[in-house]
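The values are calculated or read from the model by the stated rules, or taken from the named source; none is laboratory data. Since the structure is predicted, the reported quantities are computational estimates derived from the model, not experimental observations. We place every Cβ from the backbone using ideal geometry, glycine too, and count neighbours over all the protein chains shown.
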Amino acid sequence: MHIDFAPPSNGTYNNAGSCQQLTNYLEHEDLERMEKGIYIDGFFNLTEDNIYKSKVIKDIDTNIGQLLKTDAKFFAIHISPSENELRAMGNTEQEKAEAMKRYIREVFIPEYAKNFNKGLSETDIKFYGKIHFDRNRSDNELNMHCHLIVSRKDETNKKKLSPLTNHKDTKTGVVKGGFNRVNLFQQAEQGFDKLFGYDRQQSESFGYHNTMKNGSISEQLELQNQDFTGEKKKEVFQSGEKENNISCNLDSKQDNKYAYNQQYNNLYDSLLSVFSLRDSNNYEARVSEESQIQKRKKKKKKGIKR
């Protein structure tokens, strides 16, 4: 699962003013898919689907109480599952889209709210999401991902919320609370695995990639060793399964061979008994015939003497 916060810019992601430019961009895929008669999914929030773009713009652009002209008015977040994760989310594009919205509503937004450490829940976060199904510069078979526009202010338009702050659960000073992005990524990943019953391998976890990118040399070596050990165990297990299969196949072949030989021997014995019985009957017939001939010869001899 790849999650990132789009850096503010002077273009599409300029968040110091209206979100209209960003919402226009997020609808560009819809036109292409509509022309082809392909399923599309509109904007959504915590409770509603297929929300009009005009409502999105109005809600985000008016929820800016006490913000300065140059302050960020909203934040753009990208949530991109891997191909393996997408396969666990459903079979069709529509199933995957519904699963994505469920994940955003039940896992990501609740964890996003908690990470401000201000006692917030998902109902305090004003956001709108838009699902895209394609990615131009990707060779992957599956590319569905989600764009979120999250207001800088909470639903009451009173609290400032910035996921880009460097403060983390601060108790004193001007800024109270803060935001722990590393914790968000970990919790969002664990929530995904639980929601979809996903068996995540160590090499595709956030912790693994974060350590390989930012960890010390010793931490990276230890993690690589764990990964190597895990792979070797997997190979041994698979090898054992293969040997068991070979053994079972050999035993099966031996059993089949024995059964065939038994069947052949039984057939041979049956045929032998038939032929033996036939020969025995023939022999008895011949003996009887010869005995009759001998008797006739004796009678003839007796007649000659008289």
Number of the condition not met by S121 [criteria: (1) polar (S, T, N, Q); (2) farther than 28 Å from G42 by Cβ; (3) at pLDDT 95 or above]: (2)
Failed condition for S54, given (1) more than 30 Å from the chain's Cα centre (by Cα); (2) surrounded by 17 or more Cβ atoms within 10 Å (Cβ to Cβ); (3) within 17 Å of L148 (Cα to Cα): (2)
Unique match (being charged (D, E, K, R) and touching a residue at least 40 places away in the same chain (Cβ under 8 Å)) among D61, D30: D61
Please find, within the stretch 185-220, the residue that is modelled with the lowest pLDDT out of those that are small (G, A, S) and in a loop (DSSP other than H, G, I, E, B). G215
How about the stretch 1-98: which helices (runs of 4 or more DSSP H) wholly inside it have at least 3 residues that are within 19 Å of H132 (Cβ to Cβ) and at pLDDT 95 or above? 20-26, 53-62, 83-87
